[in-house]
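Written out below as structure tokens is the structure these notes cover.
The values are calculated or read from the model by the stated rules, or taken from the named source; none is laboratory data. Note that this is a predicted model, so its numbers are computed, not measured. Because the Cβ atoms are built from the backbone with ideal geometry, glycine has one as well, and the counts that use them run over all protein chains shown.
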Amino acid sequence: MKKISIVVPCFNEEENVVPMSVALTQVMQDELNSYDYEIIFIDNCSSDNTRNLLVELCGKDKKIKAIFNAQNFGPMNSPYYGLCQATGDCAILFCCDFQDPIELIPQMVKEWEEGYKIVSCIKTSSKENRIMRFLRTIYYKLIRMMSSVEQIEHFTGFGLYDKDFLTILKELKDPAPFLRGIVAELGFRRKEIPYQQQKRRAGKSHLSFYTLYDTAMLSFTSYTKVGLRAAVWGGAFLSIISLVVALIYLILKLIYWDRFVAGMMPILLGVFILGSIQIFFIGLLGEYIMNINTRVINRPLVIEEKRINFDE
């Protein structure tokens with residue numbers, strides 16, 4: 001009997017973990033009863049009642065498992081680590097907020113049985129804030145345009161992954177993984193399933209602007225060279241401009257010495273503009289260096305505080 005692992009990352013989801021476990025169990029028992037299964041909740045150091053509820057769920061059903069992280073290791077590391085702990089023939093990654101439609105599970109399994117190693121669920125529409133949807137669309141298109149690796153638009157990681165691909169994830173040993181990029185770069189034959197993203201069932205999103213920015217920069221610095229090339233080309237261009245301005249400055253100073261002081265303002269503005277551009281590129285280079293530094297340090301993805309029902 002084949003086994004399906006369902007991995008559910010969560011953080012402060014006390015209103016959702018119990019309904020999610022009930023819904024997932026029902027789908028597996030009613031529509032996919034020919035498969036064995038496990039449901040793995042990986043909690044990213046919740047501060048509410050989420051962990052207590054998970055302990056109760058695990059005590060009632062051995063097929064429900066839980067991993068408690070010692071700290072909050074971010075929205076990228078925790079789901080990736082959860083997938084690496086799956087023991088099934090395939091793993092399905094879900095968010096705990098019910099924005100990912102549970103009813104797609106049988107369809108994903110069907111596509112997997114037909115030979116697809118990866119089934120990616122793509123958001124073709126969403127009930128989220130329209131401004132956020134617009135900004136996400138621009139971000140995906142920019143990354144796709146600038147990256148030398150194919151990028152999957154509106155793919156959040158929600159999907160099914162065969163155990164062969166999970167083996168690749170385990171062997172990568174990437175301390176700063178970007179799952180969406182890895183799927184596009186190293187994934188097997190892939191099937192896309194469109195869906196409409198729903199609103200959260202309860203609670204509020206814990207993804208702050210800083211978290212979203214951090215995720216965007218991780219993908220940008222991992223899968224594009226545009227920032228570095230722009231710094232090189234921009235630096236060369238600004239050097240030429242600076243040389244031209246310096247020559248003009250010298251000529252004007254020699255010819256119009258007595259009126260030169262009154263005409264310094266445009267030059268000062270030029271210096272400030274060129275300086276601000278240089279600072280921007282230094283910051284951009286710093287993002288690349290920080291990405292490299294994270295990988296060189298090679299810290300573990302997650303430190304576990306506790307795991308439940310993994311005795312087997």
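Quick grid of which residues meet (1) touching a Phe, Trp or Tyr at 6+ places or on another chain (Cβ under 6 Å); (2) in contact (Cβ under 8 Å) with a residue 40 or more places away in the chain; (3) crowded, with 20+ Cβ neighbours inside 10 Å:
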site	(1), (2), (3)
MET1	no, no, no
GLU15	no, yes, no
PRO19	no, yes, no
GLN26	no, no, no
ASP30	no, no, no
GLU38	no, yes, yes
ASP43	yes, no, yes
SER46	yes, no, yes
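Taken together, the residues in region 35-93 that are part of a loop (DSSP other than H, G, I, E, B) and within 15 Å of THR25 (Cα to Cα) amount to 4.
Of the numbered criteria (1) part of a helix (DSSP H, G or I); (2) over 28 Å from ASN16 (Cβ atoms); (3) at pLDDT 75 or above, the one ILE182 fails is (2). State whether one or more residues within region 14-23 are among the small types (Gly, Ala, Ser), within 25 Å of PHE155 (Cα to Cα) and more than 21 Å from the chain's Cα centre (by Cα). Checked region 14-23: at least one residue is among the small types (Gly, Ala, Ser), within 25 Å of PHE155 (Cα to Cα) and more than 21 Å from the chain's Cα centre (by Cα).
Every residue, every condition in (1) surrounded by 17 or more Cβ atoms within 10 Å (Cβ to Cβ); (2) at positive phi; (3) at pLDDT 90 or above, yes or no:
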{"site": "LEU53", "(1), (2), (3)": "yes, no, yes"}
{"site": "LYS65", "(1), (2), (3)": "yes, no, yes"}
{"site": "GLY74", "(1), (2), (3)": "yes, yes, no"}
{"site": "GLN99", "(1), (2), (3)": "yes, no, no"}
{"site": "LEU104", "(1), (2), (3)": "yes, no, yes"}
{"site": "VAL119", "(1), (2), (3)": "yes, no, yes"}
